[in-house]
Ligand SMILES: [Zn+2]
C-alpha cells in the first residue's frame with residue numbers, strides 16, 4: 001500500500017499497515033483528576049517494504065509528546081554502561097584525549113561516566129531543557145539543540161571531526177533518520193567509531209510484545225540498524241543484545257570509504273512482522289479473557305509500575321477495564337491517574353491496603369527481583385505476581401504459551 005508517510009529510514013512510500021491501535025492520550029501525560037480530558041493521538045504501526053524498518057506513521061507533535069516529561073536517564077539502573085565504556089577504552093586508536101560526541105546525551109550521565117573513566121574531551125548535544133540543565137549542573141560540555149545536518153556542519157566547522165560518535169536510546173525517537181546518517185558522515189573522522197544503542201524490536205516480534213511507546217517512532221532490528229549505519233558510511237564491527245527496558249541492541253561501527261548494502265534479510269523480517277500483526281487480535285482477547293476470569297472469581301488485580309510500556313498494553317489492548325489500581329514507587333507519579341484507562345496510581349503499600357490478590361509486574365525485567373524481595377510479605381500472604389513485560393520468564397501463563 002502506498003501512504004503519504006515517507007519511510008523514516010529509506011524515504012520509500014511503499015509501506016504496509018501492520019496494526020492500527022486507535023487513538024490514545026500520550027503515555028507520559030499523567031492526569032491530575034480522573035475527569036481530565038487529555039489530547040489524543042493516532043497510533044498506527046507500518047512496515048517498510050523497501051528497507052524493513054517498522055515504524056509509527058503519525059508522529060505526535062513534540063509540544064503534546066513532551067509536555068510534563070518526567071523521565072531522566074539516571075533514574076534507570078543501566079548495568080550495561082560500564083561494559084560499553086570498557087569496550088570503548090579497548091578500541092584501537094581511542095585514547096583519553098580522543099574527541100567524543102554524544103547526541104541526545106540526556107542528563108549527561110553517560111558522558112559523566114566517561115569522564116570518570118578518564119576521557120577528557122567529550123561533548124554532548126541535548127534538546128530537552130530539563131535534561132540539558134541537569135547536564136550543565138554536572139559540568140558537562142553540552143549544547144542545547146536538535147541534531148540536524150546543518151548543525152552537524154557548524155559543529156564540525158568549529159570543533160573539527162570526532163573520533164567517536166555516540167547515540168544511546170535516541171534513534172528510535174527520530175523521524176529524520178537520513179538526516180542523522182548525513183550528520184554522522186559530517187561529524188566522524190575517516191576511520192572513526194560510532195556507538196549506537198536502541199531497543200531491540202526482534203524481542204517484541206519473538207515475545208508477542210505489543211508494549212510499544214508512541215515516543216518511539218522507529219522499531220529497529222539488528223538488520224535495519226545495520227542498514228541505517230550503511231547509509232551513514234559506517235561498517236558494523238560489533239553487535240550484542242542485552243536486557244534493559246525489554247531488550248536493547250548495542251553496536252559499534254567504523255567509518256569506511258564504502259559499505260555494501262544488502263537487503264537479504266527483507267523476506268524473513270517481513271514474514272515476522274506479518275505474523276506479529278496477525279496475532280494481535282488473539283493476544284488481546286486471550287489476555288483479557290484470562291484477566292476477566294480472575295475478576296469473575298472475585299480477585300482484585302493491580303499493575304506494578306506506571307510506565308509507558310504498560311500504558312500501551314492497558315490502553316491499546318483494552319486491559320484497563322480488568323485492572324483495579326496501579327502501584328508505583330516513584331512519588332512523582334503517585335496520586336495521579338494513568339491517562340486512557342484513568343486508573344489511580346498509588347504507593348505499593350496499596351497491595352496490602354487495597355487487598356490486592358494478583359499483581360501484574362510492569363517494571364523492567366532486570367528490576368523484578370527487587371520488587372519481589374520488597375513484597376515478600378505480600379507473597380507469603382498469598383499474593384501472586386505475574387509479569388506483563390517481556391522478556392521476563394514470569395509472563396502471564398496465557399501469554400507464555402505463545403512465546
Ligand atoms: Zn524504508
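Relative to the current alpha-carbon distance between residue 354 and residue 290, full extension at 0.36 nm per residue lengthens the span by 20.9 nm. Summarising the overall dimensions of segment 286-403 from its C-alpha atoms, the Rg and Dmax are 13.0, 36 angstrom. Classify segment 222-280 as rounded, prolate or oblate from the Cα gyration tensor: take a ≥ b ≥ c as the square roots of its eigenvalues, call it rounded if a/c is under 1.5, otherwise prolate when a/b beats b/c and oblate if not. Oblate, because a/c is 1.5 or more while a/b does not exceed b/c.
With a Förster radius of 35 Å applied to the C-beta separation of residue 237 and residue 398, the computed FRET efficiency comes to 0.25. Value of Rg to Rh for segment 73-263, rounded to two decimals, is 0.93; Kirkwood radius and Rg both from alpha-carbon coordinates. Using the Cβ-Cβ distance between residue 270 and residue 150 with R0 = 25 Å, the FRET efficiency computed as 1/(1 + (r/R0)^6) comes to roughly 0.10. Spacing of the modelled spin labels on residue 206 and residue 374, each 7 Å from Cα toward Cβ, amounts to 2.8 nm.
Sketch the reach of a paramagnetic label on residue 92 as a point 7 Å from Cα along Cα-to-Cβ, and name the residues of segment 245-263 whose backbone nitrogen lies under 19 Å away. Hits in segment 245-263 for residue 92 at 19 Å: 252-259.
In the chain, the DSSP-assigned H stretches of four residues or longer account for a calculated mean residue ellipticity at 222 nm of -9000 deg cm²/dmol, using -39500 (n - 2.57) per stretch and the full residue count as denominator. Counting only alpha carbon atoms, the long axis of helix 266-296 and the longest principal axis of the chain meet at about 30°. Multiplying the residue separation of residue 82 and residue 6 by 0.36 nm and removing their Cα-Cα distance gives an extension gain of 23.6 nm. Across all C-alpha atoms in the chain, the radius of gyration and Dmax reach 21.6, 68 Å. The ranking of 220, 123, 46 from fewest to most other beta carbons within 10 Å of each one's beta carbon is 123, 46, 220. Springs join every pair of Cα atoms under 10 Å in this Gaussian network model of the chain, and among 198, 180, 371 the largest mean-square fluctuation is at 371. Treating r as the C-beta distance of residue 120 and residue 36 and R0 as 51 Å, the FRET efficiency rounds to 0.60. With just the Cα atoms defining each centre, how far is segment 265-316 from segment 3-58? Give it in Å. Result: 17 Å between the Cα centres.
Taken together, the values in this text are just the output of simple stated rules run on the coordinates, not laboratory data. All values reported here derive from a predicted model rather than from experimental measurement. A quick note on method: Cβ atoms are made from the backbone with ideal geometry, for glycine too, and the neighbour counts reach across all protein chains shown.
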